[in-house]
Amino acid sequence: CILWRNCFYLMINFRDPNVIANPYPHLSELRSHNKPIWHPELQLFLAATHRDANEVLRNKSLGRVYIDKSPQSEWQVFNWLHSDSILDSEPPKHTRLRGLVLKAFNRNRIEALRPVILQITNQLLANIKESKKEFDLIADFAEPLPVKVIAHLLGFPLEDEHFLRPWSQAIVKMYEVNPPIEHQIAAQKASTEFADYVRDLMQKRKVSPSDDLITELAQVQDSGQRLSEQELIATCILLLNAGHEASVNGFGNGMVALLNHLEQKDILFNNPDEYSQTAIEEFLRYDSPLQFFERTAISDLEISGVSIKAGQKVVSLLGSANRDETVFSHAENFDVTRVANPHIGFGAGIHFCLGAPLARMEMSVSLPALLKTFNKLDLVDLPKRRETFSLRGYEKILVSA
């Protein structure tokens with residue numbers, strides 16, 4: 001029996017439609033081993049408990065080690081967009097990049113976006129209310145809001161906003177387990193087009209500076225250090241990708257959970273001001289938008305008694321960690337009033353999501369506004385889930401108001 005369990009769960013298939021549809025029973029079984037588990041097919045360890053997943057994110061013996069994809073002629077732009085980004089760098093490069101970026105993308109600049117977020121939210125809701133009795137929570141609300149906010153932040157022209165989400169989605173599909181060839185080709189094309197677009201905009205800002213983040217990132221310096229052209233482009237694309245993927249998927253996943261739990265739905269709709277903040281954190285915990293975050297051992301280490309050698313990979317399974325019964329009371333229950341909620345939906349350690357404060361602000365504005373505008377929402381059809389595991393979300397959530 002033990003052998004059967006180990007063999008079955010060590011070969012968990014992250015591309016299996018059944019696993020994608022509902023990974024949580026599989027993740028629960030992984031947690032029952034109470035230690036990182038070796039996946040022979042993927043050649044990496046899976047850290048499923050909250051303790052181990054958190055340790056993977058914080059242990060300095062584990063790093064983001066980006067290995068260039070080949071052939072270089074096809075992957076050149078995609079490679080430097082990652083090797084020159086904060087997400088795929090380690091100290092001292094990571095320290096320099098993050099320090100420079102945070103001088104521009106800081107708390108004051110994010111807080112200054114609140115009126116913009118409110119204006120965009122109200123306009124989207126007004127458009128929905130005026131024209132539709134049924135609408136798509138993703139396409140009509142959850143998706144355009146953060147894309148418009150990031151576009152405003154970076155100074156992208158309004159008429160070009162429609163390029164951003166397709167470019168982003170093509171690139172982030174490469175973060176899935178064993179992406180198919182068609183996704184690889186799309187990611188190469190999107191990387192080149194996106195980088196060329198940001199480079200052109202950056203050159204225009206050098207001639208005509210504006211009150212946007214691209215202009216400020218081009219000017220920011222620390223002890224004489226500046227962002228190189230490639231680092232600036234990589235940073236802008238990372239901010240777009242990280243700045244809206246978590247918002248779209250976290251909001252969508254949470255709303256589906258809410259609409260499927262009628263008692264919790266009544267609590268939140270009847271008390272949006274009182275429970276929106278705790279509900280947002282529960283959205284991020286219960287069905288996490290990021291599930292699979294890979295790290296590489298840069299020296300030998302041990303996690304929960306398991307020896308991991310330099311060069312071996314370990315995955316922090318964030319969605320599993322956020323359902324850990326030893327950390328969260330009634331972890332499988334969706335509870336919008338949950339107060340003790342130390343989820344790691346945005347990661348932890350030096351790679352804690354740079355866009356987390358912005359994502360939280362967007363949801364803190366948009367969620368209560370949605371609930372107050374439509375005092376009743378119901379699912380019209382079965383929501384259409386994205387066919388991805390690492391970045392978990394929905395393509396379409398049709399609701400009636």
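Identify, from the list 74, 55, 41, the residue that is under 22 Å from the mean Cα position of the chain (by Cα) and of a type in the set (Asp, Glu). Among 74, 55, 41, only 55 is under 22 Å from the mean Cα position of the chain (by Cα) and of a type in the set (Asp, Glu).
If a residue must be under 19 Å from residue 390 (Cα atoms), assigned to a loop (DSSP other than H, G, I, E, B) and not charged (D, E, K, R), how many such residues does the stretch 313-328 contain? Result for the stretch 313-328: 1. Residues in the stretch 115-136 that are of a type in the set (A, V, I, L, M, F, W, C) and either closer than 23 Å to residue 395 by Cβ or touching a Cys at 6+ places or on another chain (Cβ under 6 Å) (or both): 120, 124, 125, 128, 135.
Is it the case that some residue within the stretch 252-264 is open to solvent by 10 Å² or more (accessible area, probe 1.4 Å), closer than 28 Å to residue 153 by Cα and part of a helix (DSSP H, G or I)? No - not one qualifying residue is present in the stretch 252-264.
Among the residues making up the stretch 247-277, those that are out of contact with any Phe, Trp or Tyr (no Cβ under 7 Å at 6 or more places or on another chain) and among the aliphatic types (A, V, I, L, M) are 248, 255, 258, 259, 262. When the stretch 290-323 is filtered for residues that are open to solvent by less than 10 Å² (accessible area, probe 1.4 Å) and either among the aliphatic types (A, V, I, L, M) or within 15 Å of the chain's Cα centre (by Cα) (or both), the ones remaining, listed by number, are 291, 297, 303, 308, 314, 315, 316, 317, 318, 319, 321, 322. Number of residues in the stretch 270-289 that are out of contact with any Pro (no Cβ under 7 Å at 6 or more places or on another chain) and open to solvent by less than 50 Å² (accessible area, probe 1.4 Å) equals 12.
Across the stretch 283-307, the qualifying residues are those that are hydroxyl-bearing (Ser, Thr, Tyr) and assigned to a loop (DSSP other than H, G, I, E, B), and the one among them that is nearest to residue 259 (Cα to Cα) is 288. Of all the listed residues (279, 331, 310), the sole one being out of contact with any Cys (no Cβ under 7 Å at 6 or more places or on another chain) and assigned to a helix (DSSP H, G or I) is 279. The residues on offer are 46, 57, and the sole one that is modelled with pLDDT of 90 or more, hydrophobic (A, V, I, L, M, F, W, C), in a helix (DSSP H, G or I) and closer than 21 Å to residue 288 by Cβ is 57.
Here is the figure for the stretch 334-352: residues that are open to solvent by 30 Å² or more (accessible area, probe 1.4 Å), part of a loop (DSSP other than H, G, I, E, B) and not small (Gly, Ala, Ser) total 5. When 223, 208, 247 are checked against the criterion of being among the polar types (S, T, N, Q) and open to solvent by less than 20 Å² (accessible area, probe 1.4 Å), a single residue qualifies: 247. A count restricted to the stretch 178-205 and to residues that are open to solvent by less than 20 Å² (accessible area, probe 1.4 Å) and not hydroxyl-bearing (Ser, Thr, Tyr) stands at 7.
Quick grid of which residues meet (1) surrounded by fewer than 19 Cβ atoms within 10 Å (Cβ to Cβ); (2) among the acidic types (Asp, Glu); (3) without any contact (Cβ under 8 Å) to a residue 12 or more places away in the chain:
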position: 69; (1), (2), (3): yes, no, yes
position: 72; (1), (2), (3): yes, no, yes
position: 85; (1), (2), (3): no, no, no
position: 92; (1), (2), (3): yes, no, yes
position: 107; (1), (2), (3): yes, no, no
position: 112; (1), (2), (3): yes, no, yes
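When the residues of the stretch 353-364 are filtered to those that are open to solvent by 20 Å² or more (accessible area, probe 1.4 Å) and of a type in the set (A, V, I, L, M, F, W, C), the one that is nearest to residue 289 (Cα to Cα) is 353.
The values are calculated or read from the model by the stated rules, or taken from the named source; none is laboratory data. As the structure is a computational prediction, the values presented were derived from the model and not from experiment. Here Cβ is always computed from backbone atoms with ideal geometry, including for glycine, and neighbour counts include all displayed protein chains. For accessibility, only protein heavy atoms count, side chains too; no ligands or nucleic acids. Shrake-Rupley method; radii C 1.70, N 1.55, O 1.52, S 1.80 Å.
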